[in-house]
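Undergrad: Starting off with a structure, shown below.
Every number in this text was worked out from the coordinates using simple rules, so none of it is lab data. In this text, all values refer to a predicted model and were calculated from it rather than measured experimentally. Here Cβ is always computed from backbone atoms with ideal geometry, including for glycine, and neighbour counts include all displayed protein chains.
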Amino acid sequence: MGYGVMPYRVKTAKIAALFGSEAKGVIEKLKNRIEQLDEHFDPAYGWPPMETLLGQFLGGDNEFFGFGGNSAKHWYAIESLLREYGKMLSNGDWYPGGNIDPFYRAKTFKMYAIDKENKLDLAGPDDFPCLFTIHNEDLEEAAKVAEEIADQDQRTQFLQWIEEAKEHEDDLMLFYY
């Protein structure tokens, strides 16, 4: 298995609004994903259980943000919410593979941003996943990054992500792992 980009179009405001929402049934809907992540990030090795993390987020517990350790599993909890409340976009040209160096240089790509105001401030993990957020109002400017993407198929697919997000008035969240 290699590394690649997992792109989601979503209204980041909707994800931010889930914090403290006590949204019913979310954890049950994500049961399979929770089990997969708990197998990969085993609570027996000190990782918090995924159900606990999602419960903290949905319950508005600031401990979700201030735990003081590796936030990798926390970011996968956020990605789980994106899978439920957003739409994963086609990524066949970006997974596996893809040079994301241009993403780091783009001013419109916000690293580890859940919401526009950055009220939900979660530190980046020790390693993976990496997250880039492009807010809807920045999509036009973000499209210029395509000029730096060497692979033509990846460039085309990246521009498709931009267009689809614009069409639905969504933001883009690009996970890399």
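Undergrad: Please give me, ordered by residue number, the GluC sites (Glu not before Pro) of the range 88-177 that lie in loop per DSSP and have at most 14 other Cβ atoms within 10 Å.
TA: Hits after loop and neighbour filter: E117, E169.
Undergrad: Next up: Can you give the FRET efficiency for D151 and A123, using 1/(1 + (r/R0)^6), R0 = 41 Å, r = Cβ-Cβ distance, to the nearest 0.05?
TA: 0.85
Undergrad: What is the sum of charges around M50, taking Lys and Arg as +1, Asp and Glu as -1, for the other residues whose C-beta is under 14 Å from the C-beta of M50?
TA: Net local charge, M50 excluded: -3.
Undergrad: Does anyone have the angle between helix 31-40 and the longest principal axis of the chain? Alpha-carbon axes, 0 to 90°, nearest 10?
TA: Roughly 90 degrees between the two axes.
Undergrad: Listing M111, M6 from the residue with the fewest other Cβ atoms within 10 Å to the one with the most, what is the order?
TA: M111, M6
Undergrad: Give the lysines whose C-alpha is closer than 20 Å to that of K14, dropping any in the same chain fewer than 8 places away, or say none.
TA: Once the sequence-local lysines are set aside, what remains near K14 is K24, K29, K87, K110, K116, K119, K166.
Undergrad: Give the order of Y176, Y45 when sorted by the count of other beta carbons within 10 angstrom, beginning with the fewest.
TA: Going from least to most buried by this count: Y45, Y176.
Undergrad: On a 0 to 90 degree scale, rounded to 10, what angle separates helix 50-59 from the longest Cα axis of the chain?
TA: Orientation of helix 50-59: about 90 degrees from the principal axis.
Undergrad: Count the net charge of all other residues whose Cβ sits under 13 Å from the Cβ of I114, scoring Lys and Arg as +1 and Asp and Glu as -1.
TA: Neighbourhood net charge equals 0.
Undergrad: Here is a follow-up. Between A44 and R83, what FRET efficiency comes out of the Förster formula 1/(1 + (r/R0)^6) with R0 = 22 Å and r the beta carbon distance, rounded to 0.05?
TA: The pair R83/A44 has a calculated efficiency of 0.30.
Undergrad: Determine the shape class of the range 1-145: with a ≥ b ≥ c the square roots of the Cα gyration tensor eigenvalues, call it rounded for a/c under 1.5, and otherwise prolate if a/b is greater than b/c, oblate otherwise.
TA: It comes out prolate by the Cα gyration axes.
Undergrad: Another one. In percent, what relative contact order does the chain have, based on Cα pairs under 8 Å that are 6 or more apart in sequence?
TA: 35
Undergrad: As a check on your grasp of the helix formula, calculate [θ] at 222 nm for the chain: sum -39500 (n - 2.57) over DSSP H runs of n ≥ 4, divide by the residue count, round to the nearest 500.
TA: Calculated at 222 nm, the ellipticity per residue is -11000 deg cm²/dmol.
Undergrad: Separate question: If Lys and Arg each add +1 and Asp and Glu each add -1, what is the summed charge of the other residues whose beta carbon sits under 13 Å from the beta carbon of G20?
TA: That sum, taken over residues with Cβ under 13 Å, equals -3.
Undergrad: Here's something else I'd like to know. What angle do you read, to the nearest 10 degrees and between 0 and 90, between the alpha-carbon axis of helix 152-167 and the longest principal axis of the chain?
TA: 70
Undergrad: In addition: Okay, which of the range 114-156 sit inside 18 Å, backbone N to the point 7 Å along the Cα-Cβ direction of A17?
TA: 114-120, 135-137, by backbone N distance to the label point.
Undergrad: Right, something else. Taking the beta-carbon count within 10 Å as an exposure proxy, list R155, R105 from fewest neighbours to most.
TA: Fewest to most other Cβ atoms nearby, the residues stand as R105, R155.
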